[in-house]
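The values are calculated or read from the model by the stated rules, or taken from the named source; none is laboratory data. The shown structure was predicted, so the numbers you read here are calculated from the model rather than taken from an experiment. A quick note on method: Cβ atoms are made from the backbone with ideal geometry, for glycine too, and the neighbour counts reach across all protein chains shown. With ligands, DNA and RNA removed, areas are computed over all heavy atoms of the protein, side chains included. Shrake-Rupley method; radii C 1.70, N 1.55, O 1.52, S 1.80 Å.
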Amino acid sequence: MSVVLLFASSGCAKEKTDEEKLAEAIKKIANSANMADASAKKEEPTVESKLDAISNFISGEVWNEGFVNISWYKNSGTSSTGQKIDIDLTIDRLGKAMEKKAEYSAFIQGLDAKYDSLKQVWTKLSSETDTLYKQLKENKPQANDKSYKFDTGLFQQYSKAFQDDVRALNKK
């Protein structure tokens, strides 16, 4: 009798229901998709994608969260969106962004000759960013101080040129 039970149970194990077959197929597809996602995440960023991230950093952390808010603060006492602003925190955060900018400068300066034009623009942009930040550290603006000179014109010109050059690289 035990032989019959053993034989019967092994026979039952061979046949799978349609639901079990479907579940196995779904698991295989999901595993394949997860493996593809994992290998896609392991890819190293390209020079162009890194430059795009640097461009976004300049427009986001340096301009939007830093210089533009400081410009508004000195004229109106508020951020660029009309909200209260802690100028000390804003300058402190800008300092952290300047540390990141130093890393980005090293990356850009290490690029080969193919990127020489972009490197020249970055050198001007980086220098102007340093100049503006140094001014803020040495002479913090006060709210509603229209006499405080904080000219971001060159920064904006260099920033736009850098963004345009990065976009042109990404279109190639």
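Distance between the pseudo-spin-label points of residue 26 and residue 64 (7 Å out from Cα toward the beta carbon): 4.0 nm. Remark: relative contact order (the range 32-153) = 30 percent; criterion is Cα-Cα distance under 8 angstrom and separation of 6 or more residues. Each Lys and Arg Cβ is given +1 and each Asp and Glu Cβ -1; about its Cα centre, the range 87-172 then shows a dipole of about 240 debye.
For residue 93, the solvent-accessible surface computed with a 1.4 Å probe is close to 140 Å², ligands and nucleic acids excluded.
Going by a ≥ b ≥ c, the root eigenvalues of the Cα gyration tensor, does the range 72-172 fall in the rounded group (a/c under 1.5), the prolate group (a/b larger than b/c) or the oblate group? In terms of gyration-tensor shape, prolate. Here the alpha carbons of the range 121-163 define both size measures, Rg and Dmax, at 11.7, 33 Å. In the context of the full protein assembly, residue 145 retains an accessible surface of approximately 40 Å², using a probe radius of 1.4 Å and ignoring ligands and nucleic acids.
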